[in-house]
Structure formats: C-alpha cells, structure tokens
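Engineer: Okay, handing you the structure first.
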Protein chains: 2
Amino acid sequence: MAGRAGLSVEETRAYEIMDATTLRAWLGADEALRSLLGGSPQQWRVREVGDGNLNLVFLVDSSHGALCVKQALPYVRAAGPKWAMPAQRAFFEHAYYAAVAPHVGARIPRIHRFDPQRYCIVMECLAPHIILRRGLMAGQRYPASAAHIGEYIARASFFTSDWAGRFERRFDGIALFAANHPLVRITVDLVFTDPYCASARNRHTSPQLDATVAALRADAALKAGAARFGQKFITAPQALIHGDLHSGSVMVTDADTRVIDPEFAFYGPIGFDLGAYFGNLLLSWYSQPGHATAANDRRAYRDWILEQARELWLSFRACFGTLLETHAAGDAFPRAMFGRAEDAASLAAERARFLDSLFQDMLGFAACKMIRRIVGFAHVADFETIADAALRARCERGALAMARALLTRPQDFATLDAVLAQVPRMELA
Amino acid sequence: MAGRAGLSVEETRAYEIMDATTLRAWLGADEALRSLLGGSPQQWRVREVGDGNLNLVFLVDSSHGALCVKQALPYVRAAGPKWAMPAQRAFFEHAYYAAVAPHVGARIPRIHRFDPQRYCIVMECLAPHIILRRGLMAGQRYPASAAHIGEYIARASFFTSDWAGRFERRFDGIALFAANHPLVRITVDLVFTDPYCASARNRHTSPQLDATVAALRADAALKAGAARFGQKFITAPQALIHGDLHSGSVMVTDADTRVIDPEFAFYGPIGFDLGAYFGNLLLSWYSQPGHATAANDRRAYRDWILEQARELWLSFRACFGTLLETHAAGDAFPRAMFGRAEDAASLAAERARFLDSLFQDMLGFAACKMIRRIVGFAHVADFETIADAALRARCERGALAMARALLTRPQDFATLDAVLAQVPRMELA
C-alpha cells in the first residue's frame, strides 16, 4: 500500500475516478447492463448521490430500469485525499455480499457486477427505499425492519460460524478478510481509542459538553470497559460480520429492509453487528427531542423505537436459537459428542450461555458505538441536524450516560427489560 | 491438497523421502553445512531417530560436528500412508521458529536451513539433551526447566500478541498460519472430539478402565466443559502458539531447556501452550507409582513435579507481567487511553484480569490434554511403559478424576494452591 493516496504505483496508474461520462461508456459496453437499462447510454440519467464517509455512489436510470454503482475512492471521502484508504475495500465488500448471499436472501441488494480494476460494484437500485436513519429522524415507522435485521444478523453470522460448518472454511475466510485491515484499523482507532484520548480528529458539542467529555476521558473504569471490547473486537473471529451495521447501512420501505455498505467486513464478534444496530436505535431515541415539533412531540415514537431495540434482540435470539436446533453441524460443540438423550439439557444450556454472551457483547459494543458518535470523529445526523446546540447537548448527554452505565455496570443489565427500563431514566440523570 | 497421500500431483512428483544416502548427498552439496560437519560425506554417520507420530528425524555427525535434519512425511507416521498429512507443516514449523526466534533466545535450536521442496529443516543437534518426558519417567530432575518454559511461553506469546504490537502484524500472521489447518484439525478431532465419542481411533487400558471411560462419555457436564475449550481453541487467536508443547516437545540437560517440534503452530489461545505443559506434568505425577522401584518410591520426586507445575505458572505470570509493564505498546488497552496517573490502577486490574483468564484457560486445556492421552488415539510413554495393566489403570484413573474436576468445577480452582492441593486427593478418589 505504498505510494500516493494508499495505492501502489501500478494501482495509481490504473485508478480512474468515475464520472457521468466514463460511467455511461463503461456500463454501455456491458451487454447485460445495457439491456437492463435499455435505450442509448446518452439517454441515461446519472446522479452522484453518495453521502457517506468513503465512496462515490451513482444512480443510473432510464425509462426502462435503474442501477446503482458504488466506487471506492482511494482515500476517505470525508477527509480528502490526505487520508489515504485502499480502494481494495470494494473487493471485500463484494466478497462479503457473495459469502452471505446464500443465507440472507433478499436482505441485500442484487449484485450485477464487480470490477476489481475500477473498484466498482454494480448493483440493484433500491427504490423507493430510503436510509433507515433518515426515516428515524423523520419519525417514520418501519414495522418489519428490526425483526428483519435481527434475523439477518442471525443467519449471516450463524452460517459463517463454526456452529454451522467446519473450522477450515472459517479459517480460509479469516485469511481472506485479514487483508481488509485498513478498514478494521479505522474501527480500532475511531471507535475504541480516539474517543477516550485527546485526538485532533475528535469533536463534540462545545462548550456545552466540555465538562462531560473531560469527565469521560478521566473515567478509568469506563475506559477499561471500552478497551476490553476493543480487544475483543480484534480477537474473537466468531463469524463473518458486516462491521458497520448502523442505521445508515440499512435501507427501508414500509415492508422491505436491505443491508448495504459492508466494506468493513471481517471475521469478528457477532455482538459487534448487533451492537451497532442496537446502539444506533438508542442514539435515535435520545435524539428525538431534537426533532419534536408542536404537531408531534415524538413521545409515542420513542416508545416505538425502544420496541424496535427489543425486537432486534428477540428476533436475533429466536432465529439463531432455531438454527442451533436445526442446522448445528459444525465444529462448535460437535454433534457426535452430544448424541445421547441425556446430553440434550447440557447442550441446550451451553447454547443459551453462548447466546447470553452475545447479549452482553451487544450491549458493550452498542455503548462504544454510541460514545464514538458523540465525542469522536464521525458523528450521526440524528444529533448533527439539531441546530440548537444546548438542546443537542442535552440529548447527547443522556446517550453518553446510558453508554457509560452499560460499560461500567454490566451486572445491572442481565436482561433486555433491565436495559430498556434504564434508557428513559438516563435522560433525567 | 488433493491426490495421493495429501500432496498435489506436482508435490508428489517432487517428494523424496530421505535416507542416509540421499541425505549425505544433499547436505554435502551445501557448502556451509559441509564445512560445519567437516571431512567427506562418506565419513558422516547418519541415524534415523524419529520416535514421534509424524516425521523422520536424522542425526548426522562427524568427528567435527553434528546436525539434526527433520523431514515432514506426507502422512502420519504413526498411522501409515493411509492417513495423509500435508508435508507443508514443515513450512509452518520453520515459520514459527523464525517468528519467535527474536524473542526467545536460545530456548529453540539454531536453524541452519529450510528446504521447502524436501520439507526438511536442518538444525542444531541438541546434545547431550534428552526428551524431558524420558527424564521425568526416569525420575531425573531438571531444576531450570519449568521456569525456562514459563518464560518461553510468556515471551513467545506476549511478543506475537496485540499487547506488544499493532493488530495488523497479528492479522498477517493469522492469515499465514490459517493454512496450517490440517494440523489444527488433528487437535480439534483428537483432543476435543474423539475422546468423548465412540471412535475407532480411541483406545484405553481395557478392561480395567472400561467403566470409567463409559462414565466419562456419558458425563454431559464434562463434555460441555471440553467442548467449551474446544471452541475457544479455534476462536481465540491471542498470539502465535506452539500448539503441542507437552513434555515430549522439550529437550533438556541439567541447565538447558529447548523447545522443539512446533509444526502445530497457529494463532490461538495462550493457555493452550501453558495447559499442554501443565497437564503433562500432572500426567507424569499420576504415572509415578508405575515407575517406582524398591530403591526409589518416587514420593519425593512427585513433590518435585508438583513444584514444577507451580514454577511453570509463576514464572509465566512474572515474565508476562513484567513485559506488560515494560513493553506494552500495542493495540490491546492502548497506552494513549491510559496515560493519566489515575488510570494506573484500572489498567493494572485489567491486566491482572487477563492473566487470571489465562490461568483458567491453562487448567481447562490441561484437563483436555490429560483426558485425550488416556482415552484417545495418542497416548504417552509415562503410562504406556507401565507393563502392569492394573497398576497403569490405577494411575490413569487418578489423572482422569483430576481432569474431570478441573473441567466440571472450575470455581474450585481459582488459585494455584487449590489446584496443587487437589492433585494428591484425586488419586485416592
């Protein structure tokens, strides 16, 4: 990865940042894609719509059809070319989609083509889907979304874990995705380290949160908790994980839910994906006063969000639990060892113990994800769009208090009810 | 790994099982090795001395010097060509030596040459060293050995873990050693699965232990404990581990200690290496009545063995603890997060907690290693050389009882004293 902007010399020479003209020419040269869009490339409408931190995203449509093209830039888009970031992440994004596709059905977009030279993935254009985070900010309800994601995480992680298969297959996957370490490094630094240090990349609502943030960085017990989960993040390759499964990586309609943007994928702890989604639901909950209007105080909507957090865990647990009973054929607790009728209770207890460990991991990782979005580099629109800094700080302070409780008093959160009951109390603290 | 005897077609064509004649010619063609041995190759004495389960081991000596040549066979030597086993394990053995050499000094043999085509490693001939297991069977004391191994495991694991360095280096290592999965599979099957099932590869002292073994395979709690450690073995890549560090992989003199045979190396739990050594010391303890004579009842010797088990853990803990204070510069609990004076106590508590987790891992893995040596495929000479089957069974029964206690009642073994006090009690049970 030497050379300009994170690319080797050969890669820099080959790299071509796409625009409407080059994109039309490239897609037009592909028979299948051309016929999918129909008509002549000059008639296609091309819009660059990427609003994430890393990539270009083009929507290409015609009167006949539509496509989405995602191109990985050789740097962090949100930071500019000075922050190099290997475009090879597109390879891992595609590899993740390919690995989970047999197990998760239509929860991911259909992939039409991957071009490793251009670091481009051509996929189904999701319409009329919107980013879930935007929907949550607008106070919209997506009744199936949390259960969809709970089942998605259950299926994607179960089938890439040793519960389902032989460890050799997972070792092959670990070896492949180990090379995605530049993306893992982002998480190690921006989620588990920088928020707890003085770092030029950090920011927070200032001066309103200055004292709160100073106290957080002086809280040795909190930092120990975060560092434990940071260590676990890189030493627990339980399954292939998405690695960035927050509400900005999910697109929804009333009935449909899709997972996108898996370029952070690697073999890690299952609780990290659960925690990303769970934590971002809690962030949404704490941000709601910032989006209240005279016509909608968001009180009932907040209750609905907490129910979504509940639904995420319950649907995950039910789906993973069912798969353990119907599809456990791997090296974890080998069936051959537990074949007697008398073994059933012991095996069931071990499986429950494993699921309980994922629950605790979900809470710890959720807390780390909440903290980094308020005091670290990359913030979330849920809070950023609250113009009144004093109001924003009040919302953020509640979220930080909840995250701190989860990291420093895990013994108080043995059950889902205990967690959800605590959420409103923390706002008053 | 398709084709005959675990080799691909190209590899089979190239594979050449060495004998005295081909070995003389090959070593003689290497200027450096030839001058090390001196004289003419025809004058060199060549002996094949391998007594392990997998490889050929040649000692080559002359009046001027000596060398050891280890060749990996494309099958399990103890089982014959029908049990294929990729000879590429020699590559990983050499890679392990190269990775730990900067950290462990003279605790490994000097490596002169590695030939990836012949799967041969040419190394220092260790003399007058003997295999530690043979020394323990003979009732010999090696005062420095346990402390040497404790420090060895501490240094080899610390410096290949995230405590010492950035996770990217470990991820690169994980990716490399992931391809050593045929050796990891042996451990998964022979240590963590087969002993707890009906398997044609198993054997035990029969009929004396028939009822004990039947009870073990019906003990759901014991099997759950073993399966928990089996799962941990393949999902906890804390550091580069030796993977087979029992008393047959250690060569000793009164003052020197060397670690050999690391072909099972991969990134795994540190406690697995500790447990292999600890467990084999306990096996030696339980086997001693089988080696007692009128002149030496081995009582005092047994006490010495227990002191070695103590010394192993204490020296490991002291060395790893010191390294944490002097060389912790990696991604685990990043220094930047714990830079304030007030953070010191919290960080120290987390490090102690990590070391405590290694102690518990050591005990669990030790128990699994003890059980497999008595009821599984590969037994140990400590017991196998006891001709009187009834006496042998009594010795083995005590070891099994201790292992069972370690796996099913871990809460009773929070301290080293508690473990060591229990060892003699189990013999009476």
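Engineer: Return the total of residues in the range A:199-226 being closer than 27 Å to residue A:385 by Cβ, within 9 Å of chain B (Cβ to nearest Cβ), more than 24 Å from the chain's Cα centre (by Cα) and not in a helix (DSSP H, G or I).
Structural biologist: Keep residues of the range A:199-226 that are closer than 27 Å to residue A:385 by Cβ, which gives A:199-217, A:226.
Pick out the ones that are also within 9 Å of chain B (Cβ to nearest Cβ) and you get A:199, A:217, A:226.
From the residues that got through so far, the ones that are more than 24 Å from the chain's Cα centre (by Cα) too are A:217.
If we keep only those that are not in a helix (DSSP H, G or I) as well, we get none.
Of the residues in that region, 0 qualify.
Engineer: Right, another one. From the list B:262, B:269, which residue is closer than 30 Å to residue B:167 by Cβ and in contact with a His (Cβ under 8 Å, 6 or more places away or on another chain)?
Structural biologist: Values: B:269 fails: in contact with a His (Cβ under 8 Å, 6 or more places away or on another chain).
Every option except B:262 fails the conditions.
Engineer: May I ask you to verify whether residue B:184 is under 17 Å from residue B:231 (Cα atoms) and touching a residue at least 40 places away in the same chain (Cβ under 8 Å)?
Structural biologist: Working: under 17 Å from residue B:231 (Cα atoms): yes; touching a residue at least 40 places away in the same chain (Cβ under 8 Å): yes.
The answer is yes for residue B:184.
Engineer: Can you name the residue in the range B:319-356 that is part of a helix (DSSP H, G or I) and in contact (Cβ under 8 Å) with a residue 40 or more places away in the chain and is also farthest from the other protein chains (Cβ to nearest Cβ) among such residues?
Structural biologist: From the range B:319-356, those part of a helix (DSSP H, G or I) are B:319-327, B:335-338, B:341-356; that's our starting set.
Add one more test, that the residue is in contact (Cβ under 8 Å) with a residue 40 or more places away in the chain, and what stays is B:319-320, B:323-324, B:327.
Numbers: B:319: 20, B:320: 15, B:323: 16, B:324: 13, B:327: 17 Å.
Here the answer is B:319.
Engineer: Got at least one residue in the range A:365-372 being in the same structural domain as residue A:185 (by TED's automatic domain parsing) and not in a helix (DSSP H, G or I)? Outline the logic, then answer.
Structural biologist: Let us first name the residues in the range A:365-372 that are in the same structural domain as residue A:185 (by TED's automatic domain parsing), namely A:365-372.
Filter once more, keeping what is not in a helix (DSSP H, G or I): none.
Looking for residues that are in the same structural domain as residue A:185 (by TED's automatic domain parsing) and not in a helix (DSSP H, G or I), one finds none in the range A:365-372, hence no.
Engineer: Kindly indicate whether residue B:239 is within 14 Å of residue A:343 (Cβ to Cβ), in the same structural domain as residue B:264 (by TED's automatic domain parsing) and small (Gly, Ala, Ser).
Structural biologist: For residue B:239, the condition - within 14 Å of residue A:343 (Cβ to Cβ), in the same structural domain as residue B:264 (by TED's automatic domain parsing) and small (Gly, Ala, Ser) - is not met.
Engineer: Name the one entry in A:300, A:276 that is away from chain B (no Cβ under 14 Å), closer than 19 Å to residue A:422 by Cα, aliphatic (A, V, I, L, M) and in contact (Cβ under 8 Å) with a residue 40 or more places away in the chain.
Structural biologist: After ruling out the rest, the residue left standing is A:276.
Engineer: Can residue B:99 be described as over 13 Å from residue B:252 (Cα atoms), under 20 Å from the mean Cα position of the chain (by Cα) and in a loop (DSSP other than H, G, I, E, B)?
Structural biologist: Spelling it out, it is not the case that residue B:99 is over 13 Å from residue B:252 (Cα atoms), under 20 Å from the mean Cα position of the chain (by Cα) and in a loop (DSSP other than H, G, I, E, B).
Engineer: Go through the range A:155-172 and give me each residue that's buried (at least 22 other Cβ atoms within 10 Å of the Cβ), out of contact with any strand residue (DSSP E or B) (no Cβ under 6 Å at 6 or more places or on another chain), closer than 25 Å to residue A:90 by Cα and within 9 Å of another protein chain (Cβ to nearest Cβ).
Structural biologist: Residues satisfying the conditions are A:170, A:171.
Engineer: Since residue A:229 meets every condition but one in (1) part of a helix (DSSP H, G or I); (2) within 9 Å of another protein chain (Cβ to nearest Cβ); (3) within 20 Å of the chain's Cα centre (by Cα), which condition does it not meet?
Structural biologist: For residue A:229, the failing item is (2).
Engineer: Name every residue in the range A:16-35 that is surrounded by 17 or more Cβ atoms within 10 Å (Cβ to Cβ) and outside any helix (DSSP H, G or I), in order of residue number.
Structural biologist: Correct list: A:18 only.
Engineer: Is it fair to say residue A:94 is surrounded by fewer than 21 Cβ atoms within 10 Å (Cβ to Cβ), assigned to a helix (DSSP H, G or I) and either more than 14 Å from every other protein chain (Cβ to nearest Cβ) or among the acidic types (Asp, Glu) (or both)? Explain how you work it out, then say what you get.
Structural biologist: On the way: surrounded by fewer than 21 Cβ atoms within 10 Å (Cβ to Cβ): no; assigned to a helix (DSSP H, G or I): yes; either more than 14 Å from every other protein chain (Cβ to nearest Cβ) or among the acidic types (Asp, Glu) (or both): yes.
It is false that residue A:94 is surrounded by fewer than 21 Cβ atoms within 10 Å (Cβ to Cβ), assigned to a helix (DSSP H, G or I) and either more than 14 Å from every other protein chain (Cβ to nearest Cβ) or among the acidic types (Asp, Glu) (or both).
Engineer: Right, here's the next one. Is it the case that residue A:147 is in the same structural domain as residue A:377 (by TED's automatic domain parsing) and of a type in the set (A, V, I, L, M, F, W, C)?
Structural biologist: Yes.
Engineer: State whether the residues of the range A:304-313 include one that is of a type in the set (Asp, Glu), in a helix (DSSP H, G or I) and more than 14 Å from every other protein chain (Cβ to nearest Cβ).
Structural biologist: Yes, the range A:304-313 contains a residue that is of a type in the set (Asp, Glu), in a helix (DSSP H, G or I) and more than 14 Å from every other protein chain (Cβ to nearest Cβ).
Engineer: Please tell me if residue B:281 is away from chain A (no Cβ under 14 Å), farther than 30 Å from residue A:368 by Cβ and either crowded, with 16+ Cβ neighbours inside 10 Å or under 19 Å from the mean Cα position of the chain (by Cα) (or both).
Structural biologist: yes
Engineer: Considering (1) within 23 Å of residue A:140 (Cα to Cα); (2) in contact (Cβ under 8 Å) with a residue 40 or more places away in the chain, say which one residue A:270 fails and leave the rest.
Structural biologist: With respect to (1) within 23 Å of residue A:140 (Cα to Cα); (2) in contact (Cβ under 8 Å) with a residue 40 or more places away in the chain, residue A:270 is out only on (1).
Engineer: Then there is this: Report, by residue number, each residue of the range B:232-247 that is more than 13 Å from chain A (Cβ to nearest Cβ) and in a loop (DSSP other than H, G, I, E, B).
Structural biologist: B:242, B:243, B:244, B:245, B:246
Engineer: Inside the range B:126-138, can you point out the residues that are surrounded by 17 or more Cβ atoms within 10 Å (Cβ to Cβ) and not in a helix (DSSP H, G or I)?
Structural biologist: Selection gives B:126, B:129, B:131.
Engineer: Whether any residue in the range A:248-260 is within 14 Å of chain B (Cβ to nearest Cβ) and assigned to a loop (DSSP other than H, G, I, E, B) is what I want to check.
Structural biologist: No: zero hits.
Engineer: Among the residues of the range A:60-81, which ones are of a type in the set (D, E, K, R) and not in a strand (DSSP E or B)?
Structural biologist: A:77
Engineer: State which residue is nearest to residue A:336 (Cα to Cα) when the search covers only the range B:186-196 and only residues that are at the interface with chain A (Cβ under 7 Å from one of its Cβ atoms) and out of contact with any Leu (no Cβ under 8 Å at 6 or more places or on another chain).
Structural biologist: Among residues in the range B:186-196 that are at the interface with chain A (Cβ under 7 Å from one of its Cβ atoms) and out of contact with any Leu (no Cβ under 8 Å at 6 or more places or on another chain), the one nearest to residue A:336 (Cα to Cα) is B:193.
Engineer: Scan (1) part of a helix (DSSP H, G or I); (2) touching a Gly at 6+ places or on another chain (Cβ under 9 Å); (3) β-branched (Val, Ile, Thr) for the single condition residue B:57 breaks and write down its number.
Structural biologist: (1)
The values are calculated or read from the model by the stated rules, or taken from the named source; none is laboratory data. This structure is a prediction, so every number in the text was calculated from the model and none was measured. Counting neighbours? That spans all protein chains shown, and the Cβs are built from the backbone with ideal geometry, glycine included.
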